[in-house]
Amino acid sequence: MTTIEYRPYDERVPDEQYKRSLGYILDHGELAQETAQGVGAITYIAPPPMHFDLSNGIPLITERKIGFWKKPIAEILAFVKGKRTLTELEEEGCNFWTPWATRAKCESMGLESGDLGPGSYGAAFHDFPKQDGATFNQFQHLVTQIKEYPWARTHFVTPWIPYLIGRGGHQKAVVSPCHGWIHCRVIDKKLTLHVYQRSADFPVGVPSNMIQYAALTLMIAQVTGLKAHRFVHSFSDAHIYTSTNPEEDQVPAVREMLQRAAKRLPTLIVDPNVTDLFEFKEDDFSIMDYEPHPSMQIPVAV
């Protein structure tokens, strides 16, 4: 069975949802002067969600070129497999976590250098702690339940282990999970995946989150024998970092993207021979029909 049936590229409708969200935050957000990153952030709580009909293309943004699109996919693959150290993530093809897992930061939480912690994404997804001391693989359970009870409304995954997250000495994750609350719904053998994002750096982080969770939708559909139908992305704290220092200010880049015309979304191809969610690798994915605007350098707030 074909997991997804894309419309021909020239019949796809240019998608403006990401650009519309950027403009909404910029126009309606309020300035949060204090942030963990030490710079201001134009913040809007719960902007309108983005709904993507996957037959119209995969949501890899075209407002600027994302040449590193495989790395976010590699990241979600690593997390699904339970990886939680810099070395393990790099082995999967994800090499951008170093600034968040420094020796000093890890040691401040009682962690080994390079360990994202037992409250991190991979630990929560693959090794969620049970009351009896054992662990629970959420994605294995998700796949099994979708296969056996496709009609259920309880196909859900959480990245949040509450007692390992929080200020005041409780924190055991170098970054509190920002995304990964996943709800899958199957209707008429078609899969919709809805991801909720607690904290969303819209200019830099969100484009990576969009492609990785859209790819995850295709992966789950493939291993459960379903059609990949829709990907829905919703947010709580959506923000654009701003500063008097040009090296920290994302607003000029956002204004430039808002001037760029919408383009058609590309095609993501997944190796059809992979039937186990935990066996996917970054090289199992390829992009076609990607015609974005030029790439841009946008500051990253750490």
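Key figures for this structure:
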read-out: Matching residues in region 82-107 - criterion: being touching a helix residue (DSSP H, G or I) at 6+ places or on another chain (Cβ under 7 Å), more than 20 Å from TYR213 (Cβ to Cβ) and modelled with pLDDT of 95 or more; value: LEU86, GLU88
read-out: Qualifying residue in region 108-117 (condition: at pLDDT below 95, of a type outside the set (A, V, I, L, M, F, W, C), part of a helix (DSSP H, G or I) and farther than 11 Å from GLY82 by Cβ); value: yes
read-out: Selected residue [within 21 Å of the chain's Cα centre (by Cα) and farther than 26 Å from GLU92 by Cβ] from ILE240, ILE269; value: ILE240
read-out: Only one of THR87, THR154 that is of a type in the set (Val, Ile, Thr) and over 19 Å from LEU216 (Cα atoms); value: THR87
read-out: Any chance ARG260 is of a type in the set (D, E, K, R) and closer than 30 Å to GLY40 by Cα; value: yes
read-out: Count of residues meeting criterion [more than 17 Å from LEU226 (Cα to Cα) and touching a residue at least 60 places away in the same chain (Cβ under 8 Å)] in region 133-158; value: 0
read-out: Hits in region 32-69 (condition: polar (S, T, N, Q) and touching a residue at least 40 places away in the same chain (Cβ under 8 Å)); value: THR35, GLN37, THR43, SER55, ASN56, THR62
read-out: Candidates VAL195, VAL251, VAL206, VAL174 - the one that is among the β-branched types (Val, Ile, Thr) and farther than 23 Å from ALA124 by Cα; value: VAL251
read-out: Pairs with Cβ under 7 Å, 6+ apart, first in region 196-217 and free of Cβ contacts under 8 Å to residues at least 40 places away in the same chain, second among the acidic types (Asp, Glu); value: ARG198/ASP237; ALA200/ASP237
read-out: Whichever residue in region 160-181 is without any contact (Cβ under 8 Å) to a residue 40 or more places away in the chain and of a type outside the set (Phe, Trp, Tyr) and, among such residues, is surrounded by the fewest Cβ atoms within 10 Å (Cβ to Cβ); value: GLY168
read-out: Test: GLN131 is out of contact with any Gly (no Cβ under 6 Å at 6 or more places or on another chain) and in a helix (DSSP H, G or I); value: no
read-out: Filter pass, PRO72 being closer than 28 Å to ARG260 by Cβ, in contact (Cβ under 8 Å) with a residue 24 or more places away in the chain, assigned to a loop (DSSP other than H, G, I, E, B) and not hydrophobic (A, V, I, L, M, F, W, C); value: no
read-out: ARG264 vs. criteria surrounded by 18 or more Cβ atoms within 10 Å (Cβ to Cβ) and in a loop (DSSP other than H, G, I, E, B); value: yes
read-out: Residue among GLU34, GLU5 that alone is part of a loop (DSSP other than H, G, I, E, B), touching a Ser or Thr at 6+ places or on another chain (Cβ under 7 Å), surrounded by fewer than 19 Cβ atoms within 10 Å (Cβ to Cβ) and modelled with pLDDT under 95; value: GLU5
read-out: Output for region 193-247, where each listed residue is among the β-branched types (Val, Ile, Thr) and assigned to a helix (DSSP H, G or I); value: VAL206, ILE211, THR217, ILE220, VAL223, THR224
read-out: Pick from region 277-290, criterion of a type in the set (Asp, Glu) and surrounded by 11 or more Cβ atoms within 10 Å (Cβ to Cβ), ranking: nearest to the chain's Cα centre (by Cα); value: GLU282
read-out: Filter pass, ALA253 being buried (at least 18 other Cβ atoms within 10 Å of the Cβ), modelled with pLDDT of 95 or more and either closer than 21 Å to HIS194 by Cα or of a type in the set (S, T, N, Q) (or both); value: no
read-out: Filtered residues of region 79-107 (kept if free of Cβ contacts under 8 Å to residues at least 40 places away in the same chain and assigned to a helix (DSSP H, G or I)); value: LEU86, THR87, GLU88, LEU89, GLU90, GLU91, THR98, ARG103, ALA104, GLU107
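The values are calculated or read from the model by the stated rules, or taken from the named source; none is laboratory data. These figures come from a predicted structure and were not determined experimentally. Every residue, glycine as well, gets a Cβ built from its backbone with ideal geometry; the counts of neighbours run over all protein chains shown.
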